[in-house]
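Below is one structure, written out as structure tokens; comments come after it.
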Amino acid sequence: MKTISWDDFEMIELRSGTITDVQDFPEARNPAYKVWVDFWEEIWVKKTSAQITRVYKKEELLWKQIVGVVNFPPKQIGNFMSEFLLTGFHTDKWVVLTSVDKEVKNGLKLL
């Protein structure tokens, strides 16, 4: 494991947000959803692609609070532009999202 400094960690913008829309992404190479998240002031709504269809139904994702990295550059995924990284834990078979267990304001930075 590589050691980083506190300054390195502070550069990562890990923010709380609420999923406001989830759509199928049939054009993706692997099964995925298009996900929109409200990060509130300064950041507002950003969209991403997430390969989480094995674990989550669209309906259970709506209004779920998650943690996203919002300061990566946009990335083209097929015909869709991903604007942030939806964080999660990768197992051998799927991804489990990083979520907030008590409601917090959208846009708060993880420290």
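The values are calculated or read from the model by the stated rules, or taken from the named source; none is laboratory data. Just so we're clear, the structure is a prediction, and the values are computed from it rather than from any experiment. All Cβ positions, even for glycine, are placed from backbone atoms using ideal geometry, and neighbour counts span all protein chains on display.
Out of (1) of a type in the set (A, V, I, L, M, F, W, C); (2) surrounded by 15 or more Cβ atoms within 10 Å (Cβ to Cβ); (3) free of Cβ contacts under 8 Å to residues at least 12 places away in the same chain, the odd one out for Trp44 is which?
The single condition Trp44 does not satisfy is (2).
Output the number of the condition that Asp24 fails; it satisfies all remaining conditions of (1) in contact with a Phe, Trp or Tyr (Cβ under 8 Å, 6 or more places away or on another chain); (2) acidic (Asp, Glu); (3) modelled with pLDDT under 95.
(3)
Right, Val96: assigned to a loop (DSSP other than H, G, I, E, B) and either acidic (Asp, Glu) or touching a residue at least 12 places away in the same chain (Cβ under 8 Å) (or both) or not?
The answer is no for Val96.
Only residues that are under 13 Å from Val67 (Cα atoms) and either surrounded by 15 or more Cβ atoms within 10 Å (Cβ to Cβ) or in contact (Cβ under 8 Å) with a residue 40 or more places away in the chain (or both): list them for segment 77-93, please.
Phe84, Leu85, Leu86, Thr87, Gly88
Taking segment 40-92 as the search range and keeping residues that are assigned to a loop (DSSP other than H, G, I, E, B) and of a type in the set (Asp, Glu), which one is farthest from Glu13 (Cα to Cα)?
Top of the filtered list is Asp92.
Answer with yes or no whether Glu27 is closer than 21 Å to Ile52 by Cβ and over 16 Å from the mean Cα position of the chain (by Cα).
Criteria met by Glu27.
Kindly list the number of the only condition in (1) crowded, with 18+ Cβ neighbours inside 10 Å; (2) touching a Phe, Trp or Tyr at 6+ places or on another chain (Cβ under 7 Å) that fails for Val35.
(2)
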